[in-house]
Amino acid sequence: MSERRIVLGLDYGTKTARALLVDPKSGDEIATAVAEYPHGVLESQLPDGTRLEADTALQNPRDYLTVLQQIVPEVLNAGGVQSEEVIGIGVDFTASSVLPTLKDGSPLCTLPEFSSNPYAWVKLWKDHAALPEAQDMTELAERRGETFLSYYGGRLFPEWMFPKTLRMLRMAPEVYTAADRLIEAGDWLVWQLCGEEKRSACQAGYKGLWSKSDGFPSEDYLGALHPEFATFAKEKLPSDIYPVGSRAGGLRESWARKIGLSPGIPIAVAMIDAHAAVLGSTVAETGKMVLALGTSTCHLVMHEKKILAGGIAGIVEDGIVPGLVAYESGQSAVGDIFAWFTKNQLPAHYHETAKQTGQDVFSYLQSLAAQIPSGQTGLLALDWWNGNRSTLMDASLSGLIMGLTLATRPEDIYRALIEATAFGTNAIIDNHTEQGIPVNELYACGGLSERNQLLLQIYADVTGRRLNVAASSQAAALGSAICGAVAAGPEMGGHATFSDATRAMARVKDKVYSPDPSAHAIFKRLYAEYLQLYETFGRGALDTMKRLREIRREAGS
């Protein structure tokens, strides 16, 4: 029998799932495999043609199992790994991606009587149809002085489990009644693999209004929203929630046969993908903020104390590492802003020149913007193209660019947009530090950290902090593998703690982005101007952005 030990990380994203094999002692990444979900994201209609309401994003839960049976055998074969060498499995998933099931875990959408009902399918994280419910829940919680609201910056979001379920009850009560369970897709996948319904503190805390001290919201509060909603948590959610790294159970024999692994392999409780990436970025201690840089940005930092800080989207004990409180903030659009600009605002000859020089348009723009010294675009922007998640928690806000002249070039605007996202991140950092949550150093992971060196340097210059970059291009999958190693424990060749596991398995790149003093001095002046715009447009002194939305709605009705 081989003495080699390997852990498997499963990373379920919005469009694809990834499997990663890692040596738990050296951190060497052995092999990876990726597959797209057969049905993708359903945003206009179900497979049978049933039309979907606006702001809907659904998935077929069967796709999660279909790709699993593809990527695991593929990655084992690519890495030359034998089934008996795999000692642990970790899973991360997008969240909040919620589905209704029967007691045995069967998704309602797989039953003939519910196959045409959109509310029986997986409500993906980006489904925002429950905005009215999130607003109703927030307003009621404010009036009643509900404690849980303080864990989420004073506002609930439509993508979370409770608003989605309340909307299900209002719009499709037959689905709500038939559902024995409402469950996060990550927790559901773990349930399928090991036969144990064990839910993670990560999903429950950040997306399910659960706290270690208070549990779920009270029946009294839920019943005030809808009489039948009063018993939702008691009847359709479990009372036991497990810390990250806990062993949910062992791989079932039926699934072991399907994916070519040995039965009984320990499976860790699930994590949210961005939160798993914290571990994959080497961070398992306090004071180090991880920026998961992609279409949006998630900011995560841990602290020993639980501080009910305002403007922070999630405060969860044991949310990333047991024994620490993890704080989550975010920017609703970052990479999406750059994509919007190149798709809708960039002249055709820029695309043509990029192609002629053998570059993609982002690399070409980056090279032009890098030639502009800090402060010389003459522009300042608010990075609210998709609203402001942190620290204002206001999805009705919108983007702004100031300082445009007839001499402004596309690369000036592109650089100003990067700087705006850096200022937004700095506002989030300041919000933490001003309320007693230290942020001493930055760590970046995600697609933008791999592709945009100019952005990384600007972030260091604006924040005045050293910025490290995760060595792995698949930090979330690596974080899941780390969870698998902790679930396996040292007796099986894994690790006893997350500190041990991250030290052994995760790395940062040799290049560290250090702030340039002269650039930082310039950016301090620009940031002061940014904060004036932030306050003026974000806190109600000028409601122009909201009035523009109202006018557009009224004009289109």
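We did not get these values from a lab; they are worked out from the coordinates using the rules stated. Just so you know, these numbers come straight off a predicted model, no measurement behind them. In this analysis, Cβ positions are derived from the backbone assuming ideal geometry, glycine residues included, and neighbour counts consider all displayed protein chains.
Can you bin region 254-372 into rounded, prolate or oblate? Criterion: square roots of the alpha carbon gyration tensor eigenvalues sorted a ≥ b ≥ c, rounded for a/c under 1.5, prolate for a/b above b/c, oblate for the rest.
In terms of gyration-tensor shape, oblate.
Just to verify a number: FRET efficiency for Lys511 and Ser2, C-beta to C-beta distance, R0 = 35 Å, to 0.05?
Taking R0 as 35 Å, the efficiency between Lys511 and Ser2 is 0.45.
Can you give me the Kirkwood hydrodynamic radius for the chain, using every pair of distinct Cα atoms, in Å to one decimal?
For the chain, the Kirkwood estimate is 24.2 Å.
Using a cut-off of under 15 Å, list every residue of region 91-132 whose amide N is near the label point 7 Å from the Cα of Glu53 along the Cα-to-beta-carbon line.
Residues 117-121, 123-124, 127-132 fall inside that zone.
Neighbouring Cβ atoms within 10 Å as the yardstick, rank Leu279, Leu124, Leu21 fewest first.
Result, fewest neighbours first: Leu124, Leu21, Leu279.
What ranking of Met171, Met402, Met161, Met271 emerges when the number of other C-beta atoms within 10 Å of each C-beta is taken as an exposure proxy, fewest first?
Met402, Met171, Met161, Met271
As a quick test, which of the pairs Lys15/Lys207; Lys164/Lys258; Lys305/Lys511 have an alpha carbon distance above 27 angstrom in this structure?
Pairs exceeding the cut-off: Lys164/Lys258; Lys305/Lys511.
In deg cm²/dmol and to the nearest 500, what is the mean residue ellipticity at 222 nm of the chain if only DSSP H runs of at least 4 residues count, each as -39500 (n - 2.57), divided by the residue total?
-12000 deg cm²/dmol
Search the structure for amide H atoms under 5 Å from the amide H of Asp516, placed 1.01 Å from N in the peptide plane, and list their residues when 5 or more places away or on another chain.
Answer set, sorted by chain and number: Asp461.
Please compute the length gained on full extension between Lys236 and Leu531, using 0.36 nm multiplied by the number of residues separating them and subtracting their Cα-Cα distance.
101.8 nm
List every residue whose amide H lies under 5 Å from the amide H of Ala31, counting only residues 5 or more places away in sequence or on a different chain, with H placed 1.01 Å from N in the peptide plane.
Close amide H contacts, sequence-distant or interchain: Leu21.
So which aspartates and glutamates can Lys306 reach, going by Cα to Cα under 13 Å and dropping same-chain residues fewer than 8 places off?
Qualifying aspartates and glutamates at Cα under 13 Å: Glu317, Asp318, Glu328.
Working from the alpha-carbon coordinates of region 1-125, get Rg over Rh, Rh being the Kirkwood radius.
1.07
Step through the residues of region 262-279 one at a time and calculate ³J(HN,Hα) from phi using the Karplus curve (6.51 cos²θ - 1.76 cosθ + 1.60, θ = phi - 60°), rounding each to whole Hz and writing x for Gly and Pro.
Result, rounded to whole Hz: 7, x, x, 4, x, 10, 7, 4, 6, 10, 6, 4, 5, 6, 5, 5, 4, 5.
How large is log10 I(q)/I(0) at q = 0.15, 0.26, 0.29 Å⁻¹ when the Debye formula is applied to the Cα atoms of region 60-107, each weighted equally and without solvent?
Reported log10 I(q)/I(0), two decimals: -0.59, -1.09, -1.17.
Under a crude label model (7 Å from the Cα following the beta-carbon direction), how far is Lys258 from Lys546 in nanometres?
Simple spin-label model gives 4.8 nm for this pair.
Fewest Cβ neighbours within 10 Å first, please rank Met168, Met545 accordingly.
So the residues, fewest neighbours to most, are Met545, Met168.
Need one number: convex hull volume per residue for region 130-238, Cα atoms only, in Å³.
Per-residue hull volume (Cα only) is 96 Å³.
So if I take the alpha carbon set of region 283-453, get Rg, then get Rh from the Kirkwood formula, what is the Rg over Rh ratio?
1.02
Check Ala444: other-chain or 5+ apart residues with amide H under 5 Å from its amide H, H built from backbone geometry?
Here Leu291, Asn468, Val469, Ala470 satisfy the definition.
Would you calculate the separation in nanometres between label points at Ser83 and Gln376, each defined as 7 Å from the Cα along the Cα-to-beta-carbon direction?
Roughly 6.4 nm, to one decimal.
Report the gain in length on full extension from Lys25 to Asp104: 0.36 nm times residue separation, minus Cα-Cα distance, nm rounded to one decimal.
Roughly 24.7 nm would be gained on extension.
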